[in-house]
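The values are calculated or read from the model by the stated rules, or taken from the named source; none is laboratory data. Please read all numbers here as calculations on a predicted model, not as lab measurements. Note: ideal-geometry Cβ built from the backbone for every residue, glycine included; neighbour counts use all protein chains shown.
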Amino acid sequence: MSDVPAGTDRLAALPPLGPGACARRREEPLTQSDLAAYASASGDLNPIHLDDAAARAAGLPGVVVMGMLPAGLLGRLAADWLGLEQLEHFSVRFRRPIWPGEPLDLEARVEELDEESVELALALEVDGEVRIDGRASGRVGSRSGASEGRSL
Amino acid sequence: MELEELQSREGEVLDRFRFEVSPSRVAAFSAALRAPGDSTDVPPTFLQAAALNRSVVPHLALGFDAARVRHADQSFRFFEPIRVGSVLDVSVRLEKAFEREGGSGRLLFAIVESDYRDGEALVARSAATLVQLGGEAR
């Protein structure tokens, strides 16, 4: 396994893209340093995500995760599974706040699949409660890797 | 703020700017999303970094009360893959405004759409639904 580049183990763990197939990924809880890194990379410098005092002043119990950070984790799961080049649409709805320290269970499920396109239902849950849901769709292409093992 | 006032601004361009999909921006964004260190993929949500680096904040430009605004949903449509090194011309506009009654009063919604063009080609379109929760305006 020493010749396998870092990170591909997670790609390899995704199941073939078939009818009803489901891909799951558990992410370690987000830490305040994860939030700081995302703030810097995205430009989302709203202090309710970075400073406990500012969050409390806004009526929150403490810093709240910016929704686009876990949404981005869902986006990566969808892109890893469908293939980034094949991805045509990705959308999320923010249903409940996410707090630092919560374990994140990501799920993508094939809802529709034909010769030309695939549609996924996406969900991000904390202890079984959906905090973000969404959809992703794309072309069913022949790019190597992304659709390998696909069964129709 | 009245709904009619907001609806009269539907179609208004709120911001225009140029955004480089630079290797360093993509690398920082990917790392923040826990992508493998050797990944050169542009994460699907990367275009959000374009919007958030701007001084023009759509919900403020629309007169929303920042303390009561929430991000309800976000979508991205890709007509072409986003390539590292691309320089994109971004145009942000108010697409639609509407209201609904919620449990805590009137909810005011704005759908803000952004177009990303590489030259003449429309490569992506994103949409954010922003909601101002009920309560007295400050």
Total residues in the range A:107-129, condition of a type outside the set (D, E), surrounded by 14 or more Cβ atoms within 10 Å (Cβ to Cβ) and over 17 Å from B:R77 (Cα atoms):
7
The condition from (1) more than 12 Å from every other protein chain (Cβ to nearest Cβ); (2) more than 16 Å from the chain's Cα centre (by Cα) that A:G43 misses is numbered (1)
Residue count, the range B:61-80, condition surrounded by fewer than 16 Cβ atoms within 10 Å (Cβ to Cβ) and assigned to a loop (DSSP other than H, G, I, E, B), comes to 3
Counting only residues that are in contact with a strand residue (DSSP E or B) (Cβ under 7 Å, 6 or more places away or on another chain) and more than 9 Å from chain B (Cβ to nearest Cβ), which one in the range A:46-82 is nearest to B:N53 (Cα to Cα)?
A:P70
Given the options B:E120, B:E113, name the one that is closer than 14 Å to B:V13 by Cβ and charged (D, E, K, R).
B:E113
Suppose we filter the range B:1-33 for residues that are assigned to a strand (DSSP E or B) and not basic (K, R); how many remain?
6
What pairs can you find where one residue is in the range B:69-85 and facing another protein chain (nearest Cβ under 7 Å), the other is of a type in the set (S, T, Y), and their Cβ atoms are less than 6 Å apart, with a gap of 6+ or different chains?
B:A72/B:T129; B:D73/B:T129; B:S75/A:S91; B:F76/B:S126
Take B:P36 and tell me if it is under 23 Å from A:R139 (Cβ atoms), free of Cβ contacts under 8 Å to residues at least 40 places away in the same chain and in contact with a Gly (Cβ under 9 Å, 6 or more places away or on another chain).
no
Here's a check for you: in the range B:34-57, which residue that is outside any loop (DSSP other than H, G, I, E, B) and more than 7 Å from every other protein chain (Cβ to nearest Cβ) is modelled with the highest pLDDT?
B:A50
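Just checking, how many residues over the range A:84-110 are more than 24 Å from A:L35 (Cα to Cα) and touching a strand residue (DSSP E or B) at 6+ places or on another chain (Cβ under 7 Å)?
Selection size over the range A:84-110: 6.
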Please work out which one of (1) facing chain A (nearest Cβ under 10 Å); (2) out of contact with any Lys or Arg (no Cβ under 9 Å at 6 or more places or on another chain) is the condition B:L60 fails and give its number.
(1)
Number of the exception - A:P100 against (1) at the interface with chain B (Cβ under 9 Å from one of its Cβ atoms); (2) surrounded by 16 or more Cβ atoms within 10 Å (Cβ to Cβ):
(1)
